[in-house]
1. For the pairing of chain B with chain A, what total accessible surface becomes buried, with a 1.4 angstrom probe, in square angstrom to the nearest 100?
2. Ordered by packing density, taken as the mean number of other Cβ atoms within 10 Å over each peptide's residues, highest first, how do A:131-143, B:136-148, A:66-78 rank?
3. Just list whichever of A:Lys87/B:Lys8; A:Lys55/B:Lys7; A:Lys55/A:Lys176; A:Lys89/A:Lys176; A:Lys87/B:Lys7 have alpha carbons separated by over 30 Å in the model shown.
4. Quick one: what are the phi-derived ³J(HN,Hα) couplings along region A:162-168, Karplus 6.51/-1.76/1.60 with θ = phi - 60°, whole Hz, x for glycine and proline?
5. Would you calculate the separation in nanometres between label points at B:Tyr5 and B:Val117, each defined as 7 Å from the Cα along the Cα-to-beta-carbon direction?
6. Measuring with a 1.4 Å probe in the full set of protein chains, what accessible area per residue, in whole Å², belongs to region B:1-55?
7. FRET efficiency for A:Ile10 and B:Asp15, Cβ-Cβ distance as r, R0 = 30 Å, nearest 0.05?
8. What spacing in nm lies between the two simple spin-label points modelled at A:Arg90 and B:Phe108, each 7 Å away from Cα in the Cβ direction?
Amino acid sequence: MVEIPSSLLIGCISGDDTCWQELIRLTGGHFQRIARVNLRDPSLTDDVLQETYFKVFRNLHKLRDRSRAVPWMVQILINECRMMNRKLKREAQNESEESLSYQLASTADGRGREETREILGRLLRRLPEHFREVLALREIEGLDYEEIARALRIPVGTVRSRLARARDAWVELAGKVIEEGGLADLCLEGGDGVA
Amino acid sequence: MLNDYLKKMISEYADDALDLDATRQVSDLIARNREAEEYFTRLQSLRRLTAERLGDEPEDPTLELRMMNALRLRSYERTWWERVFASRVLSPRTATAVAFAILVIVLFLFSWFQAPVTRFLSDTQAKVERLSDEAQTELTERRQELTESLGELLAPPISDDDEDKRTGSTMDQEVSVA
């Protein structure tokens, strides 16, 4: 994850537009990836990012330790994702969810990089929220245990155990997907495939 | 069958987060145990593929502009009451509840203040009428005074010749009588 210079944060607090633009440029891509994986509906990524940046804008002056700006912002983002997921869950209570195997079958033909990305995203979204959060921060954004602990406000020991359980569930779910005919890329890569 | 503890150790081994002894033990386990080796291999393949595909997504070139635009709209153009309205009153149930509460408050205030307001209006009306009468009376008196003053001013003055004539005729009358 990126480092945000203290001077940039000071510029943002003083209301400098250029600094805000730079802050968004530095963090936008990372936040977008985290949100896409954590949201039940990735098309709402922009909404969640807007809300996140708005809350950062409103509360940045309250941040005491500027070296922890990124975990703090990730924490806001994760909370926004959770809130949006709860809202979506309420709205979709009466709708039957498509099975992952059906979704995979619909993209089985002519699968390229984009399709694999889509399947991997869906695979992560099938996991429980607390597993998905640690996996997204560790596997996609490459945060270390300490940073994840700060971002999720949980002890490092919990991060370790949660990550292990999340990976277990993840590998198991991926195995099922491969049995259903999805994620062929895993089987083809270097002969050390999952299946 | 791998237990949770071993899976946790393999997970931390994959992250290179174990100390030297633990790393050696897990490495030995993976080398000797086929199930552990399979689990580790699956995990690493999945991690690698995910990092490649999801961790390296192309940057969205317009994201920055979209976010800045949204931020400006929300931060600079909206006032606090607009934000409160948008966040609190837009849902139909809340809007109905708020409207009902406002109606009740208005009715309560109206019933509470009806008597004082009526009294105030009656007093004001009486006062206005009294002042109007006083003004009318004063105006009439002033007009009358003005008319009298004008009458005095416009009356013809008595000259010295007339006075002499009047005195002369009086004397003639007295002489003739004598």
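1. Working: alone 16370 and 11350 Å², together 23300 Å².
By this definition, chains B and A bury close to 4400 Å².
2. Details: A:131-143: 23.4, B:136-148: 10.0, A:66-78: 19.8.
Put in order of decreasing packing, that is A:131-143, A:66-78, B:136-148.
3. Working: A:Lys87/B:Lys8 33 Å; A:Lys55/B:Lys7 38 Å; A:Lys55/A:Lys176 39 Å; A:Lys89/A:Lys176 24 Å; A:Lys87/B:Lys7 34 Å.
Going by Cα-Cα distance, A:Lys87/B:Lys8; A:Lys55/B:Lys7; A:Lys55/A:Lys176; A:Lys87/B:Lys7 fall outside the 30 Å limit.
4. Listing the rounded values in order: 5, 5, 5, 5, 5, 5, 4 Hz.
5. So the label points at B:Tyr5 and B:Val117 sit 7.9 nm apart.
6. Numbers: 3080 Å² over 55 residues.
Using a 1.4 Å probe on heavy atoms only, each residue of region B:1-55 averages 56 Å².
7. Working: r = 34 Å, r/R0 = 1.15.
That pair, A:Ile10 with B:Asp15, gives E of 0.30.
8. Using points 7 Å along Cα→Cβ, the separation is 2.7 nm.
The values are calculated or read from the model by the stated rules, or taken from the named source; none is laboratory data. Remember, predicted model here, so these are calculated numbers, not experimental data. Note that we place each Cβ from the backbone using ideal geometry, even for glycine, and neighbour counts take in every protein chain shown. For the accessible areas, the whole protein counts, side chains as well, though only heavy atoms, and no ligand, DNA or RNA atoms are used. Shrake-Rupley method; radii C 1.70, N 1.55, O 1.52, S 1.80 Å.
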